[in-house]
Amino acid sequence: MDIKFKVPTFEYMINSIFEIQNEDQGDYFKETLFHFYPSVEKEKLNSVHGEEKRKYLKDTLQIIYKENLQLMQEKVNLYNNYWVENRNVIVEAFEEAFQMKLKDELNDIVGNIALNPVCPRYLESNSFDVFYLNSERGALGIALHEIVHFVWFKVWNQYFKDDWCEYEIPHLKWILSEMIPDIIMRDERLRARNPYFDEGCVYDYFYKISIDGENILNTLYNMFQNMSIEKFMVEGYRYCQLNEQTIRSAMDSLS
């Protein structure tokens, strides 16, 4: 298992931001852009659509890109070196969690150092975005979260042999997967390397969802500790299926 951080093209960065702003995403994801880039006028952006919206983003962010390109390039070595320093311990923890050898698996993961503050991930290419203002510790924390998804769905697909389309929002398999980083990151080796863990490394509403008086993350963690990874996937998903209405209602009300 290995990661290479790199600076993608400006066009890639714009497309990444455009996807977030052009989709039916919640305010949390969309508003972040305006916080970091006041020059992007919310009213103006929301008044245009399609290629006109993409052009507005491109024209507005091009100056910021040029001003910060050198910083992004400097972050390449910083992030890559920090990953190498921590890689062996991280791989060991993931191998134990997923009960599989990862030496020859997922050696093509790419972390794109980019302008997008939301940091989406792409299962089909084993890639994800890292906001360029992150420290090396912050970049590693984001990487750990995304590695969980890549390994989880690799093991899941090998076992269930289902459709990868079901691994994205709004499917229940996606909902379960978004809780898993908290479960895996409770390993002290990973927790110590993720600066986001203590404040929450998954969506906030998962920490507030209780079923039968127990937080859903704690319930899943107890299952994970006492089962093989495949059995946990089966039983964890069945648990979510049985409680799907409660989970979705809570997600909607707490968003």
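What follows draws every value from the coordinates through simple rules; no lab data is involved. Since this is a predicted model, take the numbers as computed values, not measurements. Don't worry about glycine lacking a Cβ; one is built from the backbone with ideal geometry, like all the others, and counts go over all protein chains shown.
Which log10 I(q)/I(0) values does the stretch 46-168 give at q = 0.09 Å⁻¹ under the Debye formula, counting every alpha carbon as one identical point scatterer? One equal scatterer on each Cα of the stretch 46-168 leads to -0.34. Sparse packing (at most 10 other Cβ atoms within 10 Å of the Cβ) combined with a DSSP loop state is found for the following trypsin sites (Lys or Arg not before Pro) in the stretch 146-248: K161.
From least to most packed, judged by other beta carbons within 10 angstrom and beginning with the fewest, S210, S253 follow the order S253, S210. Under 16 Å of direct C-alpha separation, and excluding same-chain neighbours fewer than eight residues apart, K58 reaches these lysines: K42, K44, K66.
Label separation (Y207 vs N46): 2.8 nm, computed from points 7 Å beyond Cα along the C-beta direction. Given the alternatives [x] 19.4; [y] 20.6; [z] 20.2, Kirkwood radius over Cα pairs in Å as computed for this entry is given by [x].
A cut-off under 9 angstrom between Cβ atoms defines the neighbours of R121, and their net charge, with Lys, Arg +1 and Asp, Glu -1, is -2. Amide H contacts of I109: D2, K4, each under 5 Å away and 5 or more positions distant or on a separate chain (H built 1.01 Å from N in the peptide plane; Pro and chain starts excluded). Taking the Cα centre of the stretch 57-124 as reference, the dipole from Cβ charges on Lys and Arg (+1) and Asp and Glu (-1) amounts to some 240 debye.
Could you tell me which residue out of I17, Y37, V84 lies farthest along the dipole of the stretch 16-139 toward its positive end? Charges go on the beta carbon: Lys and Arg +1, Asp and Glu -1, centred on the Cα centre. In the stretch 16-139, that residue is Y37. Considering only G138, G50, G111, the mean-square fluctuation computed in a Gaussian network model of the chain, springs between alpha carbons under 10 angstrom, is largest for G50. The string of couplings for the stretch 169-177 from the Karplus curve (6.51, -1.76, 1.60, θ = phi - 60°) is 4, x, 5, 5, 5, 5, 4, 4, 4 Hz, one whole number per residue in order, with x for Gly and Pro. Rounded to the nearest whole Hz, the Karplus-based 3J(HN,Hα) values (6.51 cos²θ - 1.76 cosθ + 1.60, θ = phi - 60°) of the stretch 119-126 follow the sequence 6, x, 10, 10, 4, 5, 10, 6, with x at glycine and proline. Segment H171..V84, full-extension length gain: 27.9 nm, with 0.36 nm per residue of separation and the alpha-carbon distance subtracted. For the pair L133 and Q99, a Förster radius of 51 Å applied to the C-beta separation gives a FRET efficiency near 0.90, rounded to the nearest 0.05.
Straight Cα distances below 28 angstrom link K103 to the lysines K4, K6, K75, K154, K161, K173, K231, with same-chain residues fewer than 8 positions distant left out.
Each label point was placed 7 Å from the Cα along the Cα-to-Cβ direction; for T246 and E188 their separation is 3.3 nm. Between S47, S125, S135, the GNM of the chain built on Cα springs shorter than 10 angstrom shows S47 fluctuating the most.
Taking the fewest neighbouring Cβ atoms within 10 Å as the starting point, the ordered list for L190, L254, L45, L33 is L254, L45, L33, L190. About its Cα centre, the dipole of the chain is roughly 420 debye, where the only charges are +1 on Lys and Arg Cβ and -1 on Asp and Glu Cβ.
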